[in-house]
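> Next up is a structure, given as structure tokens.
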Amino acid sequence: MEMDEELRRNLIELIKEGKSIPFSYKNLLFPLEEKSQEIELDYGIKERKEDILADTMSVPFQAVKKFGKFDESKWHNKLIFGDNLQALKFMLKDPEINGKIRLIYADPPFGTGDLYDAIGVPAYSAALKGADFVEFLRKRLILLEELLANNGSIFVRIDYHFGHYIKVIMDEIFGKNNFRNEIIVRRGQAKAGFFKQFKQIRSVAVAYDVLLWYSKSPNTRFPKIRKPAKKEHREVGRWSNLIKAKAYARPTMRYEILGVKPDPAQWMWSEVRGSKAVTNYKKYLKTCEKTQESLEKYWFRTGKQYEFVRRKGNQIQYWIPPRETELVDNDWLDIKGYAHITDYPTENSEELLGRVLQLTKPNDLVLDCFAGSGTTGVVAEKLGRKWIMVDSGKFSIYTIIKRLHSMNNKIGNKGKPLKPKPFILYNAGLYANHGFILNISEEEYKKFAMELFQVEPKEFEINGLGMDGILFNCPVKVFSQQGFLTEEYIDELHDVVGEYLNARMFLVSPASKVYFLQDYIEKGGIRYYVLRIPYSIIDELHKQRFTRPIQPASSKDVNQLIDSVGFDFVHPPTVKAEYSKVKTKDKLIEYELVIEIKHFKANQRSKDLVLFENPKKALSMVLVDGDYNNKYFNMTNYFFKDQIEKNNWKVKIPTINIGKKIMIIYLDILGNETIEVKSIEDFKMR
């Protein structure tokens, strides 16, 4: 159908009146292009791959704390706090990471299915939520595919709510020829008993999730994945028919063994191998005819070096020796899918990750961008792999740090204590106070500033004045940390370069060094934009307003979806609290420590403030290290805002394993922390 004159006039009138364009105009305005016959998932908010790669903001990593002894010339593992999409974009710039990741494991939150399942929720609401989730994950999968090594693979854990959509999306991104397996894994304790109370049911209990396994290249071959053999197979060998299940036209495999020649079938082994195995069995019978030593003992005693073939009736059989392991298929219900080593919800089991990481070799790099409780990194440590973990939740970060320092060397947290290899905690998108900007070297400052605003580094001159880079095809100058950016400076700048500019120029400067409030100053039709550090990005740069990775205020929100845009700097909340010690009625615990929060306020400096009816409601959680070691925070207790509020804004800490020093972290929902270290004497007896 073509757009005739009447349709064209109607369209123009709609645009003039500011009305929305009817959906029926879609194919007239954007005619369908010739596409391949591949199946694709189409939904309204789906963005082009090219736009996602180009428009996703890259946020540099700021080292917060180092753990262990470091050799700066060698690789160190990375734990990253921040939005994973922005962190992944920054990794594309790192030659140590981009194209070097051998395996990616992703267990994204898929609790959005709760809305999809909810009775009484309008269908369009559920569909919209579903599209949001699919696009949220698709963006990250696009960047992950870019980062993956050519011989690498990715595993995505998903459930029945969106698994069918994500399978189509992964076919699009990785290519359907790179699909390897859909693997079923246990969810946890099946809830079939729940249905006993009902005479009729709508469905059966859900017992498994799936792992979608894709590779980067269809030509890659991986090591065999094995599991412990059944007990009877570990102790006793067994005999099996040497006939090949499927017959192929290979006459050389149809020789005679002990008077039997297969036709039209064939043997599994070559003639040389089969004849040698016959000789081995005869040798065993002759050697052990007096002692009656079992074939198993003989095989073990002689160093597990022999194969055996015998004739039994009309069958020719080969001996399968006892074995410690056997090959796995795509049914992984024999191991736990989730575990409870930590208190973190949806903690993937070490057995599951141990099986996945069999596809890698020692020193291979493994990435988990939905790190959660840190199982991927912990298992990577135990198997000698390098790792990167990313999570946008502070509760996750502190859970991981604690877990890495309380590992045992065997899967399932068994065996002897294992010390983690050196690793660094980084911030990505939410940085320590901007005082560090004023203290780092000029070179580091320029690099950080340009990465922050995605400036393309390029040194050149305009009328003798040095420039540092290009942004939106406009010149960028990184203003000195030491100087002061005033309107008078803009006047002088315009006199030097104004006539050589087209429309605009960007200046990057620490916010404390800028002596005017507006985002830009216009001179002679040229706009001089100021990109302030640490304030959020001006609207001219991005169509989206800056958003922060909101922290959970309840345990049920720990796995909420995070999708932040831009960056900001840490503004510690204001906290006033009283510390006391009270006797308890519990016979096992004589005292408990009490923190009563008298005042709590989130300090915000962005343009769009998050408003709270009660300032205390900006609290996310209180984290406690009851025996602070003066080295790092080792979380022993945690309390979410909902339970603190319910308890009249009091935190009660049992005095079990309490040391001389106690570190307390007050976290607001914007990810900012105020840290206090108290001695046990600071808690006065009531």
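> Just to be sure, is TYR298 of a type outside the set (Val, Ile, Thr), free of Cβ contacts under 8 Å to residues at least 60 places away in the same chain and touching a helix residue (DSSP H, G or I) at 6+ places or on another chain (Cβ under 6 Å)?
For TYR298, the condition - of a type outside the set (Val, Ile, Thr), free of Cβ contacts under 8 Å to residues at least 60 places away in the same chain and touching a helix residue (DSSP H, G or I) at 6+ places or on another chain (Cβ under 6 Å) - is met.
> Kindly evaluate GLU40 against the criterion of being on the phi < 0 side of the Ramachandran plot, part of a loop (DSSP other than H, G, I, E, B) and at pLDDT 90 or above.
When the stated conditions are applied, GLU40 does not pass them.
> Okay, next question. Working only within region 453-482, note down all residues that are farther than 19 Å from ALA503 by Cβ and surrounded by fewer than 16 Cβ atoms within 10 Å (Cβ to Cβ).
Passing the criteria: PRO457, GLU459, GLU461, GLY464, GLY466, SER480, GLN482.
> Are any residues in region 661-682 part of a loop (DSSP other than H, G, I, E, B) and either out of contact with any Ser or Thr (no Cβ under 6 Å at 6 or more places or on another chain) or small (Gly, Ala, Ser) (or both), and if so, which ones?
If the condition is that a residue be part of a loop (DSSP other than H, G, I, E, B) and either out of contact with any Ser or Thr (no Cβ under 6 Å at 6 or more places or on another chain) or small (Gly, Ala, Ser) (or both), then LEU670, GLY671, ASN672 are the ones that fit.
> Let me ask you something else. Of LYS16, LYS65, LYS49, which residue is at pLDDT 75 or above, exposed (fewer than 10 other Cβ atoms within 10 Å of the Cβ) and among the charged types (D, E, K, R)?
LYS16
> If you take the residues in region 152-170 that are in contact (Cβ under 8 Å) with a residue 60 or more places away in the chain and under 20 Å from the mean Cα position of the chain (by Cα), which one is farthest from ILE97 (Cα to Cα)?
Only one residue fits best here, namely TYR165.
> Do we have THR375 as in contact with a strand residue (DSSP E or B) (Cβ under 6 Å, 6 or more places away or on another chain), buried (at least 24 other Cβ atoms within 10 Å of the Cβ) and under 28 Å from ASP209 (Cα atoms) here?
Answer is yes for this residue.
Residues are listed down the side, and each one gets a yes or a no for (1) at pLDDT 90 or above; (2) over 27 Å from GLU673 (Cβ atoms); (3) hydrophobic (A, V, I, L, M, F, W, C):
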site: TYR500; (1), (2), (3): yes, yes, no
site: ALA553; (1), (2), (3): no, no, yes
site: LEU561; (1), (2), (3): no, no, yes
site: LYS587; (1), (2), (3): no, yes, no
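> Which residue pairs have Cβ atoms under 6 Å apart, sit 6 or more places apart or on different chains, and have a first residue in region 461-481 that is in the same structural domain as PHE506 (by TED's automatic domain parsing) and a second that is assigned to a strand (DSSP E or B) and surrounded by fewer than 14 Cβ atoms within 10 Å (Cβ to Cβ)?
MET467/PHE460; GLY469/GLU456; GLY469/PRO457; GLY469/LYS458; ILE470/GLU456; ILE470/LYS458
> Another question, then. Considering only region 230-241, state which residues are surrounded by fewer than 15 Cβ atoms within 10 Å (Cβ to Cβ) and assigned to a strand (DSSP E or B).
If the condition is that a residue be surrounded by fewer than 15 Cβ atoms within 10 Å (Cβ to Cβ) and assigned to a strand (DSSP E or B), then ARG238, SER240, ASN241 are the ones that fit.
> Also: Yes or no: SER392 surrounded by fewer than 24 Cβ atoms within 10 Å (Cβ to Cβ), of a type in the set (Gly, Ala, Ser) and in contact with a strand residue (DSSP E or B) (Cβ under 7 Å, 6 or more places away or on another chain)?
No.
> Also, I was wondering about something else. Do we find that ILE225 is out of contact with any strand residue (DSSP E or B) (no Cβ under 6 Å at 6 or more places or on another chain) and modelled with pLDDT of 80 or more in this structure?
yes
> What's the number of the only condition in (1) in the same structural domain as TYR344 (by TED's automatic domain parsing); (2) at pLDDT 90 or above; (3) closer than 24 Å to SER392 by Cβ that SER58 fails to meet?
(2)
> For region 604-627, state whether one or more residues are crowded, with 16+ Cβ neighbours inside 10 Å, hydroxyl-bearing (Ser, Thr, Tyr) and in a loop (DSSP other than H, G, I, E, B).
yes
> May I ask you to list the residues in region 266-291 that are surrounded by 14 or more Cβ atoms within 10 Å (Cβ to Cβ) and of a type in the set (A, V, I, L, M, F, W, C)?
TRP267, MET268, TRP269, ALA277, VAL278, CYS288
> Could I ask something else about it? Would you confirm whether or not region 473-488 contains a residue that is among the charged types (D, E, K, R) and farther than 23 Å from TYR431 by Cα?
Among the residues of region 473-488, at least one is among the charged types (D, E, K, R) and farther than 23 Å from TYR431 by Cα, which makes the answer yes.
> Quick one: how many residues across region 257-295 are of a type in the set (A, V, I, L, M, F, W, C), without any contact (Cβ under 8 Å) to a residue 24 or more places away in the chain and not in a helix (DSSP H, G or I)?
Counting residues in region 257-295 that are of a type in the set (A, V, I, L, M, F, W, C), without any contact (Cβ under 8 Å) to a residue 24 or more places away in the chain and not in a helix (DSSP H, G or I) gives 2.
> Quick test of your reading of the structure: ALA449 fulfils all but one of (1) closer than 24 Å to LEU517 by Cα; (2) in a strand (DSSP E or B). Name the failing condition by number.
The number of the failed condition is (2).
> Tell me, which residue of region 242-255 that is of a type outside the set (Phe, Trp, Tyr), loosely packed, with under 13 Cβ neighbours inside 10 Å and outside any helix (DSSP H, G or I) is modelled with the highest pLDDT?
Here the residue is ARG250.
The values are calculated or read from the model by the stated rules, or taken from the named source; none is laboratory data. Keep in mind that this is a model prediction, so the values were computed, not measured. Here the Cβ is made from the backbone with ideal geometry for all residues, glycine too, and neighbour counts use every protein chain on show.
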